[in-house]
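The values are calculated or read from the model by the stated rules, or taken from the named source; none is laboratory data. Just so we're clear, the structure is a prediction, and the values are computed from it rather than from any experiment. All Cβ positions, even for glycine, are placed from backbone atoms using ideal geometry, and neighbour counts span all protein chains on display. Just so you know, the surface numbers come from the protein's heavy atoms only, side chains and all, with ligands and any DNA or RNA stripped out. Shrake-Rupley method; radii C 1.70, N 1.55, O 1.52, S 1.80 Å.
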Amino acid sequence: MTKKGSMKPGKKNKAEEPELEPLCCCEYLDRNGEKNHVAACLCDCQDLDEGCDRWITCKSVQPETYERIMDTISDRLRIPWLRGARKVNISLLPPLFLLPVFLRVASWHFLLGVVVLTSLPVLALWYYYLTHRRKEQTLFFLSLGLFSLGYMYYVFLQEVVPRGRVGPTQLALLTCGLLLILLALCRAKKDPGYLRNPANDDRSLSGSQTEYLNRTGPEKPKGFPGADPAGGLNNRGPKDEPKGCPRTSAGSPATGKEDWCAKCRLVRPARAWHCRICGACVRRMDHHCVWINSCVGESNHQAFMLALLVFLLTSVYGITLTLDTICTDRSVFTALFYCPGVYANYSSALCFTCVWYSVIIMGGMAYIFLIQLINISYNVTEREVQQALRQKTGRRLLCGLIVDTGLPGW
């Protein structure tokens, strides 16, 4: 009797909660929780049909329709995988296809090169402000940076090395620089110093952030020598004091003020800030960098600076080797602006176009590196600089490169 009685509830529970059928490699659960198939990616898309009808009839399409179409495309763009098709982030794809096409088109003629190389930064800035205004995470710039490194290295191996002017030592040195960039980027992509609140089981953090914090535990304060973290986490919970009131640590000076983050439900130490893109508070937050799709904070600031430095040195070295190969009778600086006959050969034109593309990217990274060095020397973060400019408490010096924030660090 005991066995029968114990087995009946088991059968009842099994009947109440039927096991889900395993997904094949081409099936997936869509955003509505329904089972779908990769082969049906173009079926039953009412938003896309409505948008096409309006385009054909020359009628305006509402912005909400565009967003629904992009959501549908991103949800259905998947690749077959074991135990269900995997979703592909749509922002990863444009650089993989557009960058080689643009660079090869720019290699056809000098004027095409000027137009393409001028339009690429404009398009990148437009996309940046579009995503920054919406406070959305995007893998576009991370994909663009990594693919640019890989494609420049591929062109160097295919078009420059076979000419015989680059020795094995030079190639090994350039390869080591590329590997160091990737290692520094991997370190910079890790935890920038997320603040964790055990009371709410890290619900405010994303899945990857929570997984990293649970694996590593609380991290000791890091940063550049001389950087002032100005306080640590307060052990008091939100019930000890009224919500929204500024808090100070016991025994700390008045400059070590802490405040309450209503979104993360925790007490923030001084110089910590909540990133609306990452959805988490970061210790000594500097800024949210789209090139690594993460914040730059107390724990990854050094790795971020190292990645910038190694990238600049490796880029200068690669540009020098390339120009020395395709313009042998001129100095590097002269060949960058005047290299006659370079468009007579498509291989040389492609190398020259890639050189100028690298120069444009390197110029942007050099500006970021310079601003970071200035901020570190004055012991301020980029967020503190921007906040001082918005509140009109800071003043620009040296054409805006230096900003006097009025903080005690000055």
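Being modelled with pLDDT of 75 or more and in contact with a strand residue (DSSP E or B) (Cβ under 6 Å, 6 or more places away or on another chain) is not true of Arg104. The single residue among Ser331, Ser377, Ser347, Ser299 that is under 22 Å from Leu183 (Cα atoms) and either of a type in the set (Ser, Thr, Tyr) or without any contact (Cβ under 8 Å) to a residue 60 or more places away in the chain (or both) turns out to be Ser299.
Of the residues contained in region 162-176, one or more are found to be in contact (Cβ under 8 Å) with a residue 12 or more places away in the chain, among the charged types (D, E, K, R) and farther than 16 Å from Thr314 by Cβ. Condition check for Leu266 on (1) within 19 Å of Ile360 (Cα to Cα); (2) in contact with a Leu (Cβ under 8 Å, 6 or more places away or on another chain): one failure, at (1).
Just to verify a result, which residue in region 276-288, among those that are open to solvent by less than 10 Å² (accessible area, probe 1.4 Å) and modelled with pLDDT of 90 or more, is nearest to Tyr367 (Cα to Cα)? If we take residues in region 276-288 being open to solvent by less than 10 Å² (accessible area, probe 1.4 Å) and modelled with pLDDT of 90 or more, then Asp286 is nearest to Tyr367 (Cα to Cα). Under the condition of being open to solvent by 30 Å² or more (accessible area, probe 1.4 Å), in a loop (DSSP other than H, G, I, E, B) and hydrophobic (A, V, I, L, M, F, W, C), the residues counted in region 121-171 number 1.
Given the condition modelled with pLDDT of 70 or more, over 26 Å from Glu136 (Cβ atoms) and exposed (fewer than 15 other Cβ atoms within 10 Å of the Cβ), answer yes or no: does some residue in region 15-24 qualify?
Yes; the residues of region 15-24 include at least one that is modelled with pLDDT of 70 or more, over 26 Å from Glu136 (Cβ atoms) and exposed (fewer than 15 other Cβ atoms within 10 Å of the Cβ).
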